[in-house]
Amino acid sequence: AQSVSQHNHHVILSEAASLELGCNYSYGGTVNLFWYVQYPGQHLQLLLKYFSGDPLVKGIKGFEAEFIKSKFSFNLRKPSVQWSDTAEYFCAVGPGDTGRRALTFGSGTRLQVQP
Amino acid sequence: GAGVSQTPSNKVTEKGKYVELRCDPISGHTALYWYRQSLGQGPEFLIYFQGTGAADDSGLPNDRFFAVRPEGSVSTLKIQRTERGDSAVYLCASSGSTSGSTDTQYFGPGTRLTVL
């Protein structure tokens with residue numbers, strides 16, 4: 001069985017601060033990795049994803065994430081946050097080698113950016 | 001283009017009643033997923049359809065929960081004898097891949113179910 005841990009439940013930053021949200025997963029096989037974002041009053045939207053290749057992936061709105069296989073991690077980063085980044089962020093993992101399609105989500109990190 | 005749509009957006013029911021939640025996936029997407037999101041948690045997988053058949057129903061919590069997708073497009077999640085613990089946001093997602101691994105899933109706005 002897979003599991004996903006997001007260690008930061010609530011993060012408060014000022015505008016222009018740098019952001020790093022942690023995500024660790026437990027699964028021994030090949031993984032597909034995702035970060036989704038949910039802005040207030042909106043539905044889940046894909047920020048970025050990793051399937052294979054370059055472990056540093058870039059997504060929308062200046063976000064990036066790095067897959068470190070040895071650490072089972074897929075941390076999300078942004079050099080300079082904006083007030084509009086206030087949202088809840090979810091890391092998700094799916095097996096890439098079993099034929100199963102279900103995603104396992106972390107419990108989410110609520111990011112609050114203060115102007 | 002149109003995204004995943006779900007109806008109703010909110011549903012309030014009484015304990016013991018039967019409810020149906022509907023999902024209309026992105027046109028042309030063959031894969032459809034149902035998840036449940038409780039307060040303060042991430043979405044939890046319930047069931048996955050590839051076409052008309054349920055390819056993986058391992059996440060359904062018990063036999064009160066059932067889902068169908070008779071024509072390979074719209075899906076209905078059915079909950080019998082609802083319990084207060086069923087209160088959650090029920091999310092639907094769809095994807096266009098037929099490959100054997102996870103791919104990008106596009107989520108709908110969800111149905112907030114409240115069982116009194």
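The values are calculated or read from the model by the stated rules, or taken from the named source; none is laboratory data. Since the model is a prediction, treat every value here as computed from it, not as a measurement. Backbone-built Cβ (ideal geometry, glycine too); neighbour counts: all protein chains shown.
General observations
- Region A:4-41, residues that are more than 11 Å from chain B (Cβ to nearest Cβ), part of a strand (DSSP E or B), more than 10 Å from the chain's Cα centre (by Cα) and farther than 20 Å from residue A:103 by Cβ: A:11, A:12, A:13, A:14, A:19
- In region A:69-115, counting only strands (runs of 3 or more DSSP E) that sit wholly within it, the ones holding 2 or more residues that are touching a His at 6+ places or on another chain (Cβ under 9 Å) and either away from chain B (no Cβ under 14 Å) or under 15 Å from residue A:23 (Cβ atoms) (or both) span A:109-114.
- Residue ID - surrounded by the fewest Cβ atoms within 10 Å (Cβ to Cβ), chosen from residues in region A:56-67 that are more than 14 Å from chain B (Cβ to nearest Cβ) and in contact with a Leu (Cβ under 9 Å, 6 or more places away or on another chain): A:58
- Count of region A:87-115 residues, restricted to those that are at pLDDT 95 or above and among the acidic types (Asp, Glu), is 1.
- Entry remark, region B:49-66: residues being surrounded by fewer than 21 Cβ atoms within 10 Å (Cβ to Cβ) and touching a strand residue (DSSP E or B) at 6+ places or on another chain (Cβ under 7 Å) number 10 in total.
- Taking (1) under 17 Å from residue A:103 (Cα atoms); (2) surrounded by fewer than 17 Cβ atoms within 10 Å (Cβ to Cβ) in turn, residue B:46 satisfies each apart from (2).
- Note on chain B: enclosed strands (runs of 3 or more DSSP E) holding 1 or more residues that are within 12 Å of chain A (Cβ to nearest Cβ) and over 28 Å from residue A:9 (Cβ atoms) are B:5-7, B:31-37, B:44-50, B:53-56, B:88-95.
- Residue within region B:82-97 that is touching a residue at least 40 places away in the same chain (Cβ under 8 Å), over 26 Å from residue A:46 (Cβ atoms), of a type outside the set (Phe, Trp, Tyr) and touching a helix residue (DSSP H, G or I) at 6+ places or on another chain (Cβ under 7 Å) present: no
- Residue B:73 vs. criteria of a type in the set (Ser, Thr, Tyr) and within 16 Å of residue B:96 (Cα to Cα): yes
- Only one entry of A:84, A:52, A:70 meets the criterion of being surrounded by fewer than 18 Cβ atoms within 10 Å (Cβ to Cβ) and at pLDDT 95 or above, and that entry is A:84.
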